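Input: a single structure, listed below in structure tokens.
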Amino acid sequence: MSRLTTPPQPLNRQSLGNQIAHHLREEIVLGRLAPGTPVSQQWLCEKYGTSRMPVRDALVKLTSEGLIVTTAGGHSVVGRLTAQDILDVFDIEAVVHGRAARRAAARVTGADVKQLQDAHQAMVQAEAAGDLVLVTGLNWRFHKQINVLADSAKLIAVIRSVSLNIPQTYLLELPDWAAKSNREHAGIITALAAHDGVGAEALINAHVREAGSHLAAYLGTKGLFDT
């Protein structure tokens, strides 16, 4: 039976419950914890060296997301994902990120474009150096910059909520995606610089959806989904 294959993330920035939920979510979505794996409160308390309260909070979060299910005997186990589950999450992400890009295009300044270009160039250099950990961090920073430029508290709140379902390290599972992502980022910057909201929205939408398709295909090759 599968157990965690990577060490837990440091529990230092968010609440313990959120941090535990974040790490378990990543392990489940990326197929490191197999469907049916027991995730008892006692095991999680021992794993993270914490009390039951944050563990219960994490389990409640993940149960509401369908990543943890309760058996007939009342035990918490890892739920079974489908390829469509992955595609659905990225589809939702594509819509909200696309709308943010459309709004950002109407507000972007020359200085904003320069910041995006700098972030893009740093990601290109990191990809050329084979530093996929840095590429992953820069990728999220790039998209966050665009979202902030949208200047919409409501959109940001939705994006934060939806993004919880997508592991930030998924690019590490798809190293070939980094170069493609960089090429697409260049096109997104061009659309934003031209204040082309419709174009920026379409590009981001396609960019995010295709990333979801690649991740679902990759997880399928690992046998994560039922045939």
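Read-outs: derived from the displayed coordinates by stated rules, not from any lab. In this text the structure is predicted, and so the values were computed from the model without any measurement. Note that each Cβ is placed from the backbone with ideal geometry, even for glycine, and that neighbours are counted across all protein chains shown.
Things to note:
- Using distinct alpha-carbon pairs, which all enter the 1/r mean, Kirkwood radius of segment 101-227 in Å: 15.2
- For peptides 196-203, 93-100, 174-181, sequence by mean Cβ density within 10 Å, most packed first: 93-100, 196-203, 174-181
- Full extension of the segment from ARG141 to GLN84, taken as 0.36 nm per residue of separation minus the current Cα-Cα distance, would add 17.8 nm.
- Only lysine pairs 8 or more places apart, or on different chains, with alpha-carbon atoms under 29 angstrom apart are counted in the chain, and they number 11.
- If you plug the beta carbon distance of LYS180 and VAL69 into 1/(1 + (r/R0)^6) with R0 = 35 Å, you get a FRET efficiency near 0.50.
- Model label points for ALA106 and ASN18, set 7 angstrom from Cα along the Cα-to-Cβ axis, are 3.0 nm apart.
- Distance distribution P(r), the chain, all Cα-Cα pairs, bin width 5 angstrom from 0: 1, 7, 14, 17, 17, 16, 12, 9, 5, 2, 1, 0, 0 percent.
- Approximate shape of segment 16-78 as ellipsoid semi-axes (Cα gyration tensor, √5λ), whole Å, largest first: 16, 14, 11
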